[in-house]
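Asks: Below you'll find the structure I mean.
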Amino acid sequence: MNSRNRFPAAGAPAPVPRRRRLAWRLLAGVAALAAVAYAGTTVMDIPPPYRLYQLEVAEPSRRGELFPAREVAAPAVPWALPAQPEPPPATVPWKGGQIAFDRFLELTHTNAFVILRDGKLAYEWYRPGVDARTPMSSWSMSKSLVSLLVGQAIARGKLRESDRLVDLLPELKTGGDYDKVTVRDLLDMRSGVFVAENYRPYWPFTGAARMYLTRDLPGFVAQNREMEFTPGSATAYRSVDTQLLGMALARAAGGNLADLLARDIWQPIGAERSATWNLDRAGGTEKAFCCVNATARDFARVGQMLADQGYVAGRQVVPGAWVARIAAPVTTPLDGWGYSAQWWHRGPDDGEDYSAMGIYGQYTYVHPGRRVVIVKLSDHGTEQDERSTYDVFRAIARR
């Protein structure tokens, strides 16, 4: 073999082996894709790719830790929850049969389960790694908290159900049907504003998923004023309704939602621990449609206040008229459920009990007649087994 074919000429650069060239091209391609991904998330004004990955792999109950938040301060002295322990049921109804209660907790990926009966702590259970001090995400249970704040604002004359959204947020006026949306429409999911309830984990760039990720909620709602139907003419569950409701409430009350929640609910109910409310960006706007992070016991305190017709220790926290409003489902069913002012009922004509509900299995269930409150915080499917779980609560309440 000729030596000139085996060795480079003196002073010439050595040829790069083929594998190394391929490796460099692969790295260059990855770098280019990463640059495009970062540029794309910047343009969409959502968290960068590494944060999206963290959100994807995190348990839903703990995703609140990955967003900016505003504190919901607890009072200096909490309202005590006296204990009166009772054993859990041996079995509960489940999809036409009976299963062991422990199996129910396991099947529905429960993180915390708390029962109050007559205002006393009857039963409390936590999975390993969670305890009574662990804050977890409410997801859409925060919608029900917004409702309570709205009821208080109406009683104080700050809001009326007949108020038009665009009279409270005039920057959103369109000159069309959007301008007809009222506070009542937003409360009962009858606005007609179309932002799809998209929960697809691998394409979180449209609809409610995009609203969850955006770092500019005011800009998002301004860019999403398309109408699905005339306000008040139909019912459709849309998280954007609660976002608009929360923003209108904050404007009318002259504050932010976290401070309102702290002053008007969290401290009056004697919450044990401070909560947080996630924001679109540091110092920004609360995600009214989701994302209050609190303990199971403190969600139970909210439920107990409602079971006591809005009272805590002789003080009216939420007006009795508003407790009656959420306790009576509106006539039009929502996905087969009863619904009223951001609270769920088992059926459209069923006023026996009601619940705050959030995806991944979050519940604050209230049975006023039985004076039972149940909180279940979970990492279950997005909207999985909701009716069967509600029937478990009823069975426990009726014991």
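Asks: If you scan segment 258-291, which residues turn out to be within 24 Å of residue 209 (Cα to Cα), among the aliphatic types (A, V, I, L, M) and touching a Pro at 6+ places or on another chain (Cβ under 9 Å)?
Replies: Correct list: 275, 279, 282.
Asks: Identify all residues within segment 368-392 that are touching a Ser or Thr at 6+ places or on another chain (Cβ under 7 Å) and either free of Cβ contacts under 8 Å to residues at least 12 places away in the same chain or not aliphatic (A, V, I, L, M) (or both); write none if there are none.
Replies: 376, 378, 379, 380, 385, 389, 390 - these are the residues of segment 368-392 that are touching a Ser or Thr at 6+ places or on another chain (Cβ under 7 Å) and either free of Cβ contacts under 8 Å to residues at least 12 places away in the same chain or not aliphatic (A, V, I, L, M) (or both).
Asks: Next up: Examine segment 180-203 for a residue that is free of Cβ contacts under 8 Å to residues at least 40 places away in the same chain and at positive phi, and state whether such a residue exists.
Replies: no
Asks: Sticking with this structure for a sec: Does at least one position in segment 295-309 carry a residue that is in contact (Cβ under 8 Å) with a residue 60 or more places away in the chain, crowded, with 24+ Cβ neighbours inside 10 Å and closer than 27 Å to residue 234 by Cβ?
Replies: no
Asks: Across segment 206-217, which residue is nearest to the chain's Cα centre (by Cα) among those that are outside any loop (DSSP other than H, G, I, E, B) and touching a residue at least 24 places away in the same chain (Cβ under 8 Å)?
Replies: So, considering only residues that are outside any loop (DSSP other than H, G, I, E, B) and touching a residue at least 24 places away in the same chain (Cβ under 8 Å), the one nearest to the chain's Cα centre (by Cα) is 212.
Asks: Across segment 258-281, what is the number of residues that are touching a Lys or Arg at 6+ places or on another chain (Cβ under 8 Å) and not in a loop (DSSP other than H, G, I, E, B)?
Replies: Total satisfying the criteria: 6.
Asks: Right, next: Give the residues of segment 111-160 that are aliphatic (A, V, I, L, M) and assigned to a helix (DSSP H, G or I), sorted by residue number.
Replies: Scanning segment 111-160 gives 141, 145, 146, 148, 149, 150, 153, 154, 155.
Asks: If you don't mind, another one. Condition first: crowded, with 22+ Cβ neighbours inside 10 Å, within 17 Å of the chain's Cα centre (by Cα) and closer than 30 Å to residue 73 by Cβ. Can you find one or more residues in segment 163-181 that meet it? Spell out how you get there, then give the answer.
Replies: Residues of segment 163-181 crowded, with 22+ Cβ neighbours inside 10 Å: 165, 181.
Still in the list and also within 17 Å of the chain's Cα centre (by Cα): none.
Taking every residue of segment 163-181 in turn, none turns out to be crowded, with 22+ Cβ neighbours inside 10 Å, within 17 Å of the chain's Cα centre (by Cα) and closer than 30 Å to residue 73 by Cβ.
Asks: Within segment 363-393, work out how many residues are assigned to a strand (DSSP E or B) and within 18 Å of residue 105 (Cβ to Cβ).
Replies: 10
Asks: Now a separate question. All but one of (1) in a loop (DSSP other than H, G, I, E, B); (2) of a type outside the set (S, T, N, Q); (3) at negative phi hold for residue 220, so report the exception by its number.
Replies: The failed condition is (1).
Asks: Within segment 282-332, work out how many residues are under 20 Å from the mean Cα position of the chain (by Cα) and part of a loop (DSSP other than H, G, I, E, B).
Replies: 10
Asks: Now for a separate question. Of the residues that sit in segment 224-266 and are in contact (Cβ under 8 Å) with a residue 60 or more places away in the chain and polar (S, T, N, Q), which one is nearest to residue 331 (Cα to Cα)?
Replies: Among them, the one singled out is 235.
Asks: Does residue 246 satisfy the criteria of being touching a strand residue (DSSP E or B) at 6+ places or on another chain (Cβ under 9 Å) and on the phi > 0 side of the Ramachandran plot?
Replies: Here the answer is no, as residue 246 does not meet what is asked.
Conditions (1) within 15 Å of the chain's Cα centre (by Cα); (2) among the polar types (S, T, N, Q); (3) within 21 Å of residue 299 (Cα to Cα); (4) modelled with pLDDT under 95, marked per residue:
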site: 74; (1), (2), (3), (4): no, no, yes, no
site: 93; (1), (2), (3), (4): no, no, no, no
site: 101; (1), (2), (3), (4): no, no, no, no
site: 112; (1), (2), (3), (4): no, no, yes, no
site: 116; (1), (2), (3), (4): no, no, yes, no
site: 135; (1), (2), (3), (4): yes, no, yes, no
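Asks: Right, next: Kindly indicate the residue of segment 333-349 that is under 15 Å from residue 393 (Cα atoms) and either part of a strand (DSSP E or B) or modelled with pLDDT under 90 (or both) and also nearest to the chain's Cα centre (by Cα) among those meeting that condition.
Replies: Per the criteria, the residue is 344.
The values are calculated or read from the model by the stated rules, or taken from the named source; none is laboratory data. Quick caveat: nothing in here was measured; it's all calculated off a predicted structure. Every residue, glycine as well, gets a Cβ built from its backbone with ideal geometry; the counts of neighbours run over all protein chains shown.
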